[in-house]
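Take a look at the structure set out below.
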Amino acid sequence: MSFDGYRVEHRRFVGCSDSGSTIDLGSVQTREHSRPALLRKGGTYADRIDVPAGEWSFAGREFSGFDELAVILRGFVGDVTIHEAGVRSSEPDLAALGDFVSSDETLGRLFALCEHTLRVGTQEAMMDCPTRERAVYIGDGHLIGRWLYTLTGDGRQWRRLVFEQFARPMPDGLMGTSIYSAANRCLIDYCLLAVIGAGDDVKVTGDMSVAAAVLPQVEGVLAWFLGHGDGQGCFSVDTSGCPKPLSYECPYDPGFPQQETSRLLFIDHPGLGWHNADEAVIDRGGVKAAAQAILSNTLRAVTELSEAAGQVGSRWAERADSLDRTASARFLDEARGLLADAEIDGHLSPMTSMQTNTWAVRASWLGGDAAHAVLRRLVDQGFDHGAVPGPYAWAYLFDELIEAGLIEAGLDAARHRWGSMLDAFAKTLWETFARDHLDSYFHPWSAAPLGFLLHGLAGLPLVDQAEGILRLRSKVDLVSSLEASVMTQQGQVEIAWSDSGECCDLRGRLPSGCVGQLELNPYEVREVRDAWSLTFTPKASFKGAGDA
């Protein structure tokens, strides 16, 4: 049985049979050799129900995501009649007000795929993969929360994640990788992303009360990291002894939380063995550059959280400055012009992954021109120095491309990378770009292009520059027509343009009382208010506003 679209469903069957026996119901995400793939990455995507002779009915109590439902009848004797077969759809009660429509068909299809995956994947507070993991992972959840707020203006699920992530600390002050779970696992960078995500929530939604509420827990997290210095100004902890994932991924232990003898640094999938098995790895040995860069960003976030709570944040800013001075010099491989993944026994690692360099740029370890040059190399398809980002790490790389104005390069990357999903007629986003036997589907955190299209190409604001001032940086020279909208803490912001070849009509709408700063190019800014429209000719007025 096939369904229109890929949704989260509760299955329901009603029927009768001359004899009792067994029915297997498989939630199928994809097919292998033209047959339903009921086993993916060690997980069985099927339920077995025993039915009696005579009338029977079954209604699934758990939800699952699938495109097709495989029904297998085993051992029946005589007639079997199915009176009712189907599913009951479950979707969050969130109105999607944000939108994106473009003359570029590929970009429009990509946005629709991202939006659909976010909408139907938002079960039980931003669950990662309702078919397999069925868990709310902290590092994933903050990306999903930000994009959901952009689309809906509803920050309740994101806010719940901010508070719940700190609700069950381990004895050392860190937290488990997922909330609502007894799984005894800790990805150490997810603890830092929990703090960065809390800061993003305050900035994007404008709810300053969150800052004071979470600062005590935030300082507990930082105490662990700052207590693991290597004596040379950097954070260092052994992450080499992590147990195999299948032995500990989802155990239930009533004695939780317990200490593990090792911690794992995630950053992105390559090199962990879970995915991307045949790709270049991220070097996680020795003193790890990405860990320093993420910690630096965390210290900046705590500075902002402290100031939002009415406290002095300078001590955290000073720590960040000190870390940046040490790390930027320590990990820069001048011969390659990139940051090495790690320092091992006093020598720089030969690996220089895109993930490490993305976080280094985010931490401002490189000057403006140098950072711009590195970002250009990262999105160049010829990059061959180490691990390339999966959908997860692109969320952070896209943010930096927006800040650097490298929108056209980012669009090319989105078409190339996510285009493989579109070409395969994916119903939801994959966990990686590989689509191999280790991959799974239905991952809302893979929706990185959604934010890039809205904030990079359409140029709509994520936060206000100052109270009531919204910055609009629309790249009208990159597509001939576009309509887009996002939700901000001030309300809905809309933008649209159409290029006839002779002139370009640009219009938009801002929330009442807000002022828009419309950047036509790096040298010309117009002030707009309420419902506004402008016509430009020639279109050359916009040149230079893209990948300069």
Notebook entry, point to check: In region 292-316, what residues are assigned to a helix (DSSP H, G or I), within 15 Å of Val195 (Cα to Cα) and among the small types (Gly, Ala, Ser)?
Noted result: Ala293, Ser296, Ala301, Ser306, Ala308
Notebook entry, point to check: Are any of the residues in region 173-194 open to solvent by less than 60 Å² (accessible area, probe 1.4 Å), of a type in the set (Gly, Ala, Ser) and part of a helix (DSSP H, G or I)?
Noted result: yes
Checklist line | Tally of residues being closer than 27 Å to Glu105 by Cα, in contact with a Cys (Cβ under 7 Å, 6 or more places away or on another chain) and assigned to a strand (DSSP E or B) across region 461-497 | finding: 1
Margin query: Condition check: of a type in the set (Lys, Arg) and free of Cβ contacts under 8 Å to residues at least 24 places away in the same chain. Does Arg471 satisfy that?
Written below: no
Note to self: Condition first: out of contact with any helix residue (DSSP H, G or I) (no Cβ under 6 Å at 6 or more places or on another chain), farther than 23 Å from Arg435 by Cβ and touching a residue at least 24 places away in the same chain (Cβ under 8 Å). Now tell me which residues in region 381-405 satisfy that.
What the structure shows: His385, Asp399, Gly405
Margin query: Any residue in region 103-124 that is closer than 18 Å to Ala413 by Cα and open to solvent by 30 Å² or more (accessible area, probe 1.4 Å) sitting within a Cβ distance under 6 Å of a residue that is among the aliphatic types (A, V, I, L, M) and assigned to a helix (DSSP H, G or I)? List the pairs, counting only those 6 or more apart or interchain.
Written below: Arg109/Leu422
Note to self: Anything in region 426-450 that is of a type in the set (S, T, N, Q) and closer than 14 Å to Val28 by Cα? List them, or say none.
What the structure shows: Thr428, Ser440
Next item on the list: Kindly establish whether Phe76 is in contact with a strand residue (DSSP E or B) (Cβ under 7 Å, 6 or more places away or on another chain), within 23 Å of Trp430 (Cα to Cα) and in contact (Cβ under 8 Å) with a residue 40 or more places away in the chain.
Entry: no
Notebook entry, point to check: modelled with pLDDT of 75 or more, assigned to a helix (DSSP H, G or I) and open to solvent by 20 Å² or more (accessible area, probe 1.4 Å) - does that describe any residue in region 125-137?
Noted result: no
Check: Would it be correct to say that Ala329 is open to solvent by 60 Å² or more (accessible area, probe 1.4 Å), more than 15 Å from Leu222 (Cβ to Cβ), not charged (D, E, K, R) and not in a loop (DSSP other than H, G, I, E, B)?
Finding: yes
Margin query: Taking the criterion of being open to solvent by less than 50 Å² (accessible area, probe 1.4 Å), closer than 30 Å to Val14 by Cα and not in a strand (DSSP E or B), would at least one residue in region 47-59 satisfy it?
Written below: no
Checklist line | Residues satisfying the stated conditions in region 99-113, i.e. in a helix (DSSP H, G or I) and of a type in the set (Phe, Trp, Tyr) | finding: Phe111
Checklist line | Residue check for Phe452: within 19 Å of Thr106 (Cα to Cα) and in a helix (DSSP H, G or I) | finding: yes
Margin query: What's the number of the only condition in (1) β-branched (Val, Ile, Thr); (2) closer than 30 Å to Val528 by Cα; (3) buried (at least 22 other Cβ atoms within 10 Å of the Cβ) that Thr428 fails to meet?
Written below: (2)
Next item on the list: Evaluate the following for Gly220: is it part of a helix (DSSP H, G or I), open to solvent by 10 Å² or more (accessible area, probe 1.4 Å) and not acidic (Asp, Glu)?
Entry: yes
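Quick check: is even one residue across region 433-440 among the basic types (Lys, Arg), in contact (Cβ under 8 Å) with a residue 40 or more places away in the chain and open to solvent by 50 Å² or more (accessible area, probe 1.4 Å)?
Initially, region 433-440 is screened for residues among the basic types (Lys, Arg), giving 435.
Narrowing the set further to residues that are in contact (Cβ under 8 Å) with a residue 40 or more places away in the chain leaves none.
Checked against the condition, which is being among the basic types (Lys, Arg), in contact (Cβ under 8 Å) with a residue 40 or more places away in the chain and open to solvent by 50 Å² or more (accessible area, probe 1.4 Å), region 433-440 yields no hits at all.
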Notebook entry, point to check: From Leu470, Leu454, Leu478, Leu482, which residue is within 19 Å of the chain's Cα centre (by Cα) and buried (at least 19 other Cβ atoms within 10 Å of the Cβ)?
Noted result: Leu454
Item checked: Counted residues, region 235-275 - those being modelled with pLDDT of 85 or more and either over 27 Å from the mean Cα position of the chain (by Cα) or of a type in the set (S, T, N, Q) (or both) -> 1
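The values are calculated or read from the model by the stated rules, or taken from the named source; none is laboratory data. Everything numeric here is computed off the predicted structure, so don't read it as measured data. Here Cβ is always computed from backbone atoms with ideal geometry, including for glycine, and neighbour counts include all displayed protein chains. For accessibility, only protein heavy atoms count, side chains too; no ligands or nucleic acids. Shrake-Rupley method; radii C 1.70, N 1.55, O 1.52, S 1.80 Å.
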